[in-house]
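Written out below as structure tokens is the structure these notes cover.
The values are calculated or read from the model by the stated rules, or taken from the named source; none is laboratory data. In this text the structure is predicted, and so the values were computed from the model without any measurement. Using ideal geometry, Cβ is built from the backbone for each residue, glycine included, and neighbour counts are taken over all protein chains shown.
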Amino acid sequence: MSEKKTKKKKKTKKKAGKGRGKGGGAPTAYKPEYCQELIEHMEKGFSFEAYGGHLNLTHDTICKWVKRHPKFAEAKEIGRKKSRKFWEQMGIDGAGGKLTGFNAAAWIFNMKNRFYWRNEIHIEQSKKVEAVTIELPESKQAQEISLSDGEWEDHSGDK
């Protein structure tokens, strides 16, 4: 029988990288000045998602910044409001005839998709009800009420 030689692996400690915290990882591209830049970007009518394209970064990356950097999350919210103001002002100006070639249908489509505008449809249905039976759990007794033109009668003693 031959003896197998076993090699022991040398254990080394991994040093923390220059990224987030002690766990290492890739360094973040986030810069505090991006907060104001994001607001200015969105104030022109651009979306938050388009800001990633502006920086050549993925949507996931800038979404992580929102979670990790409260000031960036605040800038996103401010930017969202400014973007909405931009588009609403365009609608006001377009409807008022101040914008040559304003396309109302395209503007409405944009608002529905960007800001979740919806057409509200109210359907009112009515059904004639002649009697309702209410069963009271404590007494285990049913009570029938007749309804007629807004008036009601108690028939619980009729049975």
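Can you say whether F102 is surrounded by 13 or more Cβ atoms within 10 Å (Cβ to Cβ), touching a helix residue (DSSP H, G or I) at 6+ places or on another chain (Cβ under 9 Å) and touching a residue at least 40 places away in the same chain (Cβ under 8 Å), as far as the supplied structure shows? It is false that F102 is surrounded by 13 or more Cβ atoms within 10 Å (Cβ to Cβ), touching a helix residue (DSSP H, G or I) at 6+ places or on another chain (Cβ under 9 Å) and touching a residue at least 40 places away in the same chain (Cβ under 8 Å). Apart from one condition, K71 fits all of (1) surrounded by 14 or more Cβ atoms within 10 Å (Cβ to Cβ); (2) part of a helix (DSSP H, G or I); (3) not small (G, A, S); the exception is (1). Residue pairs whose Cβ atoms lie under 9 Å apart, separated by 6 or more positions or on different chains, with the first residue in segment 116-127 and at pLDDT 75 or above and the second not in a loop (DSSP other than H, G, I, E, B), are W117/I108; W117/M111; R118/K112; N119/K112.
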